[in-house]
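Just below is one structure, and these are the notes that go with it.
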Amino acid sequence: PFILMSSQHSLKELHNRGFKTFATWINESYDNIACPNQRLNAVLTEIDRLSMISVEDLNSMYLEMAPVFEHNRQNFLKICLTY
């Protein structure tokens, strides 16, 4: 899983390219914020929230994310084979 600190709508661009992100587990609303400083603050707030999750719950989240990992791996391979 990842939080992408980049320009506004970077996650949207990943979706456009066929990738899935982790909105079920990570608040990705930061991707819609135009102001870089505000976007950074939103990212840091989400990192703080995630840091408070117990190890047991993080392990459960990781297992739930497995289909997204596999989808992204397959999508990446498909893209690589296209070039």
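Placing unit charges on the Cβ atoms only, positive for Lys and Arg and negative for Asp and Glu, gives the chain a dipole magnitude near 400 debye about its Cα centre.
Rolling a 1.4 angstrom probe over the chain with all protein chains present gives an accessible area of which 60% lies on carbon and sulfur atoms. Among S60, P36, W25, pick out the residue whose Cα is farthest towards the positive end of the charge dipole of segment 25-66, where Lys and Arg carry +1 and Asp and Glu carry -1 on C-beta, about the Cα centre. Value computed over the given set: P36.
In percent, rounded to a whole number, the relative contact order of the chain is 33, using alpha-carbon pairs under 8 Å and six or more apart.
For chymotrypsin sites (Phe, Trp or Tyr not before Pro), the sites in segment 1-62 that DSSP calls loop and that have at most 11 other Cβ atoms within 10 Å are F2. Note that the chain carries a Kirkwood radius of 14.0 Å, evaluated over its alpha carbons pair by pair.
The values are calculated or read from the model by the stated rules, or taken from the named source; none is laboratory data. For clarity, every value in this text was computed on a predicted model and none was experimentally measured. Virtual Cβ from ideal backbone geometry, glycine too; neighbours counted across all protein chains shown. Only protein heavy atoms, including side chains, enter the accessible area calculation; ligands, DNA and RNA are left aside. Shrake-Rupley method; radii C 1.70, N 1.55, O 1.52, S 1.80 Å.
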